[in-house]
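See below for the structure under consideration.
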Amino acid sequence: MSESENVGADVPPYRYTAATANEIEPRWQAYWAEHGTFRAPNPAGDLADPEHPRAGAPKLHVQDMFPYPSGSGLHVGHPLGYIGTDSYTRYKRMTGFNVLHPMGFDAFGLPAEQYAVQTGTHPRTTTEANVERYRQQLRRLGLAYDDRRTFSTTDPDYYRWTQWIFLQVFNSWFDRARRQARPIDELIAEFEAGTRPVPGGRVWSELSAVERRQVIDGYRLAYVSEAPVNWCPGLGTVLANEEVTPDGRSERGNFPVFQRSLKQWMMRITEYGDRLVDDLDALDWPEPVKLMQRNWIGRSRGAHVGFPLDGDDVVEVFTTRPDTLFGATYMVLAPEHDLVSTIVPAEWPAGVKDAWTGGHDTPEAAVAAYRAQAAAKTEEERTADAKVKTGVFTGAYATNPVNGARVPIFIADYVLAGYGTGAIMAVPGHDERDWDFAQTFDLPIVRTISTPEGHEGVWTGDGVAVNSEFLDGKNVVDAKAAMISWLEERGHGKGATTYRLRDWLFSRQRYWGEPFPIVYDETGLPIALPESMLPVELPDVDDFSPRTFDPDDADSEPETPLSRKKDWVEVVLDLGDGPRTYTRETNTMPQWAGSCWYELRYLDPRNDKRLVDPENEAYWMGPRGEGDPGGVDLYVGGVEHAVLHLLYARFWHKVLFDLGHVSSFEPFRKLYNQGYIQAYAFRDARGFAVPADEVVERDGKWFHGDDEVTREYGKMGKSLKNVVTPDEMAERYGADTFRVYEMAMGPLDVSRPWDTRAVVGSQRFLQRAWRLVVDEETGANRVTDEPLDPKTRRVLHRVIDGVRGDMEELRFNTAIAKLIELTNTLTPRSTVSREAVEPLVLMMSPFAPHVAEELWGKLGHEGSLAYADFPVADPAQLVAESVTYPVQVNGKVRGRVEVAPDTAEDAVRAAALEAVAETLGGREPRKVIVVKGKLVSVVV
RNA sequence: GGGGAUGUGGCGGAAUGGCAGACGCGCACGGUUCAGGUCCGUGUGUCCGAAAGGACGUGGGGGUUCAACUCCCCCCAUCCCCA
C-alpha cells in the first residue's frame, strides 16, 4: 500500500497519525494482556478473585454470536457487532459493573472438511490456523475479552461437554403432564412400579430386556428414528430441510435430493413447542425475531374431526377452523392416503358429474391414473399456488358429523400425505385453495362466516358465524371453542394443537463434527457411554469425505467417513457386564451442536468436573426474580440466526434447566441484531468484477482506468473484489480510527455501505482530541488546571449527560457526534482545561481505547483507565442559562424570545405575543399554546 | 401469495408530536504553504433574491392536530423471512 496520508514533508512531529496509532496500539494491547486487565472475576472456582476491583459488583454478561473462522479471515463488516459490544462493555465496566465479555470460535463445519478433502490437510490443521488468524485480527482491534475464557468448539475439552449434554438429552424423557424433561430412570421406575401404563397395554415385568429397551428408547428426547429425511446421493449425506432449495436440490452443489426413510438421530424438540412459544413473552428480543420463531414453530389450535364413511371407517381430519364445519361440503384425501384404496367403489355412483371422473370409466381407473400423475411431482410443485387445481372423485361419500350431509371424497395433490392426517375437510367459502378446487369441480359453496356487503368470492377474513345453527352470531374464537366442546361431547372429535415444527434431525454423514457418545450392541439398540469415557475423541482418518453416489441414485445408502475406520468402529468395552464388543455410532453431530450451549461454558471454561459450576451460572445468568428468564444480558448477532441457532440453543437450555443443571430457563435474555456493512462492487462491460478500490467516479459515472463500469450494492466478497479488511484499516489509520468510524457511521442495527473515503473524518476527530493534550510541535503537555468558563462547562455537562444516555441505549453514533461537538468546542481555545479534557478522554475510551489510555497517561495517571469512573453530569449544569422560545404564528416561526429558564408561562406568553406583534398586525390570537422549554404557538 | 422492515440533502445519517437536516464525508471559498497535501476558518436542502427576506421541502395521496419525518388510512419502491 502506498498510502501517503502522513508522508507530507511538514507534518508536525507530535501529531496523532497512523504511525502514532501503530506505535501506541500494540503497546497497550500488550499492557492489557500482561496485566489481565479485562479478566472478570467469578464468584467461585479457579477464576474467582476477591481482590479484583469488580469482585462482588453487579454483573453484566454480554456476548457476541461467535464466528466460524473461515479461511479468508475477517473483513470490515465482521467486527461491527464486536466493536459495538466492546464499546458498550468498556462503558459499563467504567460505571461499576463486573463485565463478562468473552469470545470463542465455532470451528466444526463443512468448509474445513471440504478443504481437507481437496488438499488432504487435516481439518484440525486448517481450523487451528484460521482460529489463530482470527485471534490476531481481533486482538489488533483492541477488543477487551477475558483471555482466559476462550475456546473452540473443536477442542476435546469443549466437545466433551457437548457430548455430555447429548447424554443428558438421551437419558431423559418429556413428561407431558409436568411439561418438562425428567431423567429416564424415573420413567423406568414408574413402569416398574406399575404407576405408568406400558404402551401396548403390556406388563413391564413380562417384557424381555430388549423389549424394555425398545419401549424406553421410544421415550428418549434423543432417539434413533427410521424417518423420512432429505437424502442427497451426490453429496453422500443427509441434509436438513433448510439445506434444501425450494426446487428440491441441495443448496451446496445443486444435486437432486430425495425423500428417503433412513435411520437417523432425532431430537424431540417438538415436545418443547409450547414452551418455546410461550417463553418468548419473557424475552427482550426484537419483535420480528419473536415472530419468526412463532411462525417457525407454527402452533395452531384446532380439532381432529371424524367424518364417518358408509362402512365402519372414519376419515380423520385436522382443521384449524372447526368453526367452519357447517361449510365443509366435500373432502380431499392425499393421493397416497391409506384409505383411498379401501373406499373406492366398483362403479361411479348415479348422477356423477363428468368433471369429477377425469374421463375414466371406473373410480379405480381414475384414482390409479391420478396417483401416478401426482407421484411424478415434487412436494414443492404440489404446494405451489397453482391457479388450476387438479383432482379426481373417488366415488365415495362421507358424512359431515355436524349436519349429516353426504359429502363427496376427492383425491387431489394439494393435500400432502406427510402433513397432518393427509386428509382435509374442504370449506370452499373460506379457504382459497378449496374455493379454487370447488370452482373447477362445480362443488357447492356454503358461507359460514359473515362476509362484507357486496363481497364476491372467497372470504378468509374475520366475521361472525352464519348458517351454522348453534354457532350463529359467535366470533371466530368463541365459535371454535363451542364447536370443539360440541364435537367432544358427541365423540366426533377432539380439540388439539399442532405444530409446524418437526423433530430435529441431529446426525450428519460427515467427518468434521462431534462423534456421538453412543455404541450399539448385537441388538442394534443404542447404548450411552458412561460419563467417564468422555470425550469420545474424533479419530484420524485417511479419507475425510462421505462416499458419494450417482446424484440420481435414490436407493444408495449413506457411508460415513468414520464407518471406514474399522478399528475405531469395533470396540471392546466394559460397560458394567464385562468386556464385550460394541459398534460405535459413525455419524457426527450437526454444526449447530457446539453453538447450542457455548454461552454457558464461558462462565466456567476450565471446569473439568461440571459443565458449569452452579454458583457461577447463577451469578452470571441466573433469573433476577419471579418470572425472569435469566440468561445472557445482551446477545448481539446477525438476524440470519433468528430461527435455527436461537431455537436449538433455547431447546437445549430448557432441557438443562429441567434437569437442574442451570437456573435460567432461557439462554439469552436480551437479543440485539446488528446490521450489516455492505459494499459497492463494480463490473466491467463483460460482467467481470474489477477491484473496487481502483474505481473512480467522474460526473456521476464510474470508471476503471478508461473503461466505464457498472455499480452494484451488496455483500463484501472475494469474487466481487470489494473486500476491505480491518488489518488494512488498522495499518492506514489505526484501529482506534477504524473503531470510531464503524461506530459513528450509523445506528448499530441498521445496514449501511462501507466508504473508505469517509474514515478520515474519524481520524481527524482523534487528531483534534490528541492536539488538545499534546503540542504537535514540541510534544509538551498543553493541559492546564485552570477552571472552565461557565459556558463551556455547561456544554461539557450536557455532553456527559447525552453520552451516558446514548451509551445505555447502544446509540453509539450520536454519542460520538456529541464527543466531536465537545472536542470542536474546546479546539479553538488557547488554553486547555483539565476539567474538560479528562472527562473527554474517559468518554472517548470505549470507542478509541488505545489513544484514550495514552492520553490518560499523559494527563498524569498511572496504569489503565479501564476501571476509572465514567464522568457524571452535574444536574445544576444542565439547566440552561436562558431559553430561546421560537414563536410560531399559524405553524410558521415568526419570531423568538429569550427568557430565563424559570420564567412563568404567562410571562413567556406575553413576551411571545410582543415578539410577533408585527406579524399579528392587530389580529386577536384565537389561541396561544406555550410548551414549556420548547416553543410558543399562536393561532389567529 | 402471506408476514416483517425500511424510505429524510450529492453520500452515511440526526431529530419519535414542538425551530427538519446534529455529527461526519464530499464540495466551494479563505488562511497557512514555493506548490500539492495537511491543518485552521467560513459556507453548503431546493427555488426566487445582490442582500434582507420569502416560498417550497422528510417516497406519493389523504386524515387527525395549534403543530406531523414522527400518529392513523390508502398507494408505490427496496430489502428480509416464510410459502
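The values are calculated or read from the model by the stated rules, or taken from the named source; none is laboratory data. This one's a predicted model, so the numbers in the text were calculated from it and none came from an experiment. Here Cβ is always computed from backbone atoms with ideal geometry, including for glycine, and neighbour counts include all displayed protein chains. SASA here: full protein model, heavy atoms, side chains in, ligands and nucleic acids out. Shrake-Rupley method; radii C 1.70, N 1.55, O 1.52, S 1.80 Å.
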Exercise. Which value in nm describes the separation of the simple spin-label points at A:Arg124 and A:Ser72, placed 7 Å from the Cα toward the beta carbon?
Worked result: 2.9
Exercise. Going by a ≥ b ≥ c, the root eigenvalues of the Cα gyration tensor, does the stretch A:737-815 fall in the rounded group (a/c under 1.5), the prolate group (a/b larger than b/c) or the oblate group?
Worked result: oblate
Problem set entry | On Cα atoms only, tilt of A:80-94 relative to the major axis of chain A in degrees | 60
Seminar exercise, completed: Computed from the beta carbon distance with a Förster radius of 25 Å, FRET efficiency for A:Asp684 and A:Glu251 to the nearest 0.05 stands at 0.25
Exercise. What list of ³J(HN,Hα) couplings, whole Hz, do you get for the stretch A:393-403 from phi and the Karplus terms 6.51, -1.76, 1.60, once you set θ to phi - 60° and write x for glycine and proline?
Worked result: 6, 8, x, 9, 10, 10, 10, 6, x, 7, 9
Exercise. What length, rounded to one decimal in nm, is gained on full extension from A:Lys927 through to A:Asp543, with 0.36 nm per residue of separation minus their alpha-carbon distance?
Worked result: 129.7 nm
Seminar exercise, completed: Of the accessible area of the stretch A:300-498, computed with a 1.4 Å probe and all protein chains kept, carbon and sulfur make up a percent value of 49
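Pairs of alpha-carbon atoms within less than 8 angstrom and 6+ residues apart define the contacts here; what relative contact order does chain A have, in percent?
Details: 1710 pairs, mean separation 137.0, N = 940.
It comes to 15 percent, rounded to a whole number.
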Seminar exercise, completed: Packing-ranked peptide list from A:363-374, A:99-110, highest mean Cβ count within 10 angstrom first, is A:99-110, A:363-374
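Hey, any idea what % of the stretch A:845-895's accessible area is carbon plus sulfur with a 1.4 Å probe?
Numbers: 1060 of 2200 Å².
Within the stretch A:845-895, the accessible surface is 48 percent carbon and sulfur.
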Seminar exercise, completed: Karplus-derived 3J(HN,Hα) from phi for the stretch A:127-138 (6.51 cos²θ - 1.76 cosθ + 1.60, θ = phi - 60°), whole Hz, x at Gly and Pro, runs 4, 5, 5, 5, 4, 4, 5, 4, 4, 5, 5, 5
Problem set entry | Rough spin-label spacing in nm, given labels placed 7 Å along Cα→Cβ, for A:Gln136 and A:Arg15 | 3.1
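What relative contact order, as a whole-number percentage, does the stretch A:881-939 give when Cα pairs under 8 Å and 6 or more residues apart are counted? Spell out each step's value before the answer.
On the way: 97 pairs, mean separation 24.3, N = 59.
The value is 41 percent.
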Seminar exercise, completed: Expressed per residue, the solvent accessible area of chain A in Å² (1.4 Å probe) is about 44
For this session: Just list whichever of A:Lys92/A:Lys609; A:Lys59/A:Lys818; A:Lys290/A:Lys480; A:Lys670/A:Lys934; A:Lys791/A:Lys932; A:Lys566/A:Lys654 have alpha carbons separated by over 30 Å in the model shown.
Result: A:Lys92/A:Lys609; A:Lys670/A:Lys934; A:Lys566/A:Lys654
Exercise. Based on the Cβ-Cβ distance of A:Arg202 and A:Arg176, what FRET efficiency does E = 1/(1 + (r/R0)^6) give at R0 = 22 Å, to the nearest 0.05?
Worked result: 0.60
For this session: Could you pull out every residue, at least 5 positions away or on a different chain, whose amide H is within less than 5 Å of the one on A:Thr329? Hs are placed 1.01 Å off N in the peptide plane, and Pro or chain starts have none.
Result: A:Ala426
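Based on the Cβ-Cβ distance of A:Ala30 and A:Thr778, what FRET efficiency does E = 1/(1 + (r/R0)^6) give at R0 = 41 Å, to the nearest 0.05? Provide the component values of the computation, followed by the final result.
Numbers: r = 28 Å, r/R0 = 0.67.
E(calc), rounded to 0.05, equals 0.90.
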Problem set entry | Partner aspartates and glutamates for A:Lys858 [C-alpha distance under 20 Å; skip if fewer than 8 residues away on the same chain] | A:Glu23, A:Glu25, A:Asp736, A:Asp775, A:Glu776, A:Glu777, A:Asp785, A:Glu786, A:Glu835, A:Glu838, A:Asp869
Exercise. Using the per-residue mean of other Cβ atoms lying within 10 Å as a proxy for protection, in what order, highest first, do the peptides A:198-206, A:932-940, A:718-726 fall?
Worked result: A:718-726, A:932-940, A:198-206
Problem set entry | Residues in the stretch A:47-76 reached by a label modelled at A:Thr95 [backbone nitrogen below 18 Å; 7 Å Cα→Cβ] | A:54, A:57-63
Exercise. What list of ³J(HN,Hα) values in whole Hz, one per residue of the stretch A:535-547 in order, does the Karplus curve 6.51 cos²θ - 1.76 cosθ + 1.60 (θ = phi - 60°) give from phi, with Gly and Pro shown as x?
Worked result: x, 7, 6, 5, x, 6, 9, 8, 10, 8, 9, x, 5
Problem set entry | Segments A:825-838, A:793-806, A:473-486 sorted - mean Cβ within 10 Å per residue, highest first | A:793-806, A:473-486, A:825-838
Seminar exercise, completed: Helix A:812-826: inclination vs chain A longest Cα principal axis, degrees, rounded to 10, gives 0
Seminar exercise, completed: Computed about the Cα centre, the charge dipole of chain A from +1 Lys/Arg and -1 Asp/Glu charges at the Cβ has a magnitude in debye, to the nearest 20, of 2040
For this session: Sketch the reach of a paramagnetic label on A:Gln259 as a point 7 Å from Cα along Cα-to-Cβ, and name the residues of the stretch A:536-559 whose backbone nitrogen lies under 16 Å away.
Result: A:554-555
Exercise. Between A:Lys892 and A:Glu821, how many nm apart are label points set 7 Å from Cα along the C-beta direction?
Worked result: 2.9
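How much length, in nm to one decimal, is gained on full extension between A:Asn813 and A:Asp785, taken as 0.36 nm per residue of separation minus their Cα-Cα distance? Working shown, then result.
Numbers: separation 28, 0.36 × 28 = 10.08 nm, distance 3.08 nm.
So the chain would gain 7.0 nm between A:Asn813 and A:Asp785.
Pairs of alpha-carbon atoms within less than 8 angstrom and 6+ residues apart define the contacts here; what relative contact order does the stretch A:1-139 have, in percent? All intermediate terms of the calculation are to be shown ahead of the outcome.
Working: 105 pairs, mean separation 32.2, N = 139.
In percent, rounded to a whole number, it is 23.
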For this session: Enumerate by residue number the trypsin sites (Lys or Arg not before Pro) in the stretch A:110-177 meeting two conditions: DSSP loop (anything except H, G, I, E, B), and at most 13 other Cβ atoms within 10 Å of the site's Cβ.
Result: A:Arg176
Exercise. For A:Thr497, what accessible area in Å² do you get when you roll a 1.4 Å probe over the heavy atoms of the protein chains, rounding to the nearest 10?
Worked result: 50
Problem set entry | Stretchable slack from A:Thr440 to A:Asn475, in nm (0.36 nm times residue separation minus alpha-carbon distance) | 9.6 nm
